[in-house]
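No lab work stands behind these numbers, since they all come straight from the coordinates. In this text, all values refer to a predicted model and were calculated from it rather than measured experimentally. Cβ placement follows ideal geometry from the backbone for every residue including glycine, while neighbour counts extend to all protein chains displayed.
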Amino acid sequence: MAVNKSELPSSEDEWRVRLSPEEFRVLREAGTERPWTGEYVETKIPGVYHCRACGAELFASDTKFDSHCGWPSFDKALPGAIRYIEDRSHGMVRTEVRCATCDSHLGHRFDGEGYTPTDARYCINSVSMRLEPATDAG
Ligand SMILES: [Zn+2]
């Protein structure tokens, strides 16, 4: 699905109208949902995860893996889907992950943990995404 950037909200007030309070807090204010509460933590359904704010494709379900950290985890993002920002909050240096299309906060990326061959873990809030299940499973 192509996203028409000209139709995206241009102010935080417009985002606030489009999103639920919890979605707004995470996506637009870089919040974090409580661990193990997100709807996609344990999901194994094949499909593509889209940005809940703008609808852009972010992650394929075959890159999702069990990290047991309490949030959905992926070891790879779709090409060009993500914007990276150095985050020095909370006394740590982390890589913040944002949607490249609408600049909404998704989660963080951690490297060098050795979970999978890509050696990366995208730790993403469920509330930042919407799963579009694959239709041609057969
Ligand atoms: Zn987006």
Query raised in the report: So which lysines can residue 5 reach, going by Cα to Cα under 30 Å and dropping same-chain residues fewer than 8 places off?
Result: 64, 76
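Quickly estimate the mean residue ellipticity at 222 nm for the chain, helices only: each DSSP H run with n ≥ 4 gives -39500 (n - 2.57), and the total goes over all residues, rounded to 500.
So the calculated ellipticity at 222 nm is -2500 deg cm²/dmol.
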Query raised in the report: Which whole-Hz ³J(HN,Hα) couplings does region 63-74 yield from phi under the Karplus relation 6.51 cos²θ - 1.76 cosθ + 1.60, θ = phi - 60°, glycine and proline marked x?
Result: 9, 7, 9, 7, 9, 6, 9, x, 10, x, 10, 10
Report summary line: If amide H atoms are modeled at 1.01 Å from N in the peptide plane, then the residues at a separation of 5 or more from residue 78, or on another chain, having amide H under 5 Å from its own are 59, 60
Query raised in the report: Which far-off residues, 5 or more places away or on another chain, put their amide H under 5 Å from the one on residue 31, with H placed in the peptide plane?
Result: 26
Requested in this report: Please give, to one decimal in nm, the separation of the simple spin-label points placed at residue 34 and residue 66, each 7 Å out from Cα toward the Cβ.
Outcome: 2.4 nm
Query raised in the report: Taking H as built 1.01 Å from N, whose amide H comes closer than 5 Å to the amide H of residue 134, not counting residues under 5 places away?
Result: 47, 48
**Report entry** the chain: translational diffusion in µm²/s, Stokes-Einstein, Kirkwood Rh over Cα pairs, 20 °C, 1.002 mPa s
**Finding:** 141 µm²/s
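What's the extension gain from residue 17 to residue 4 if we count 0.36 nm per residue and subtract their Cα-Cα distance? Don't jump to the answer; show the numbers that get you there.
On the way: separation 13, 0.36 × 13 = 4.68 nm, distance 1.86 nm.
This chain segment gains 2.8 nm when fully extended.
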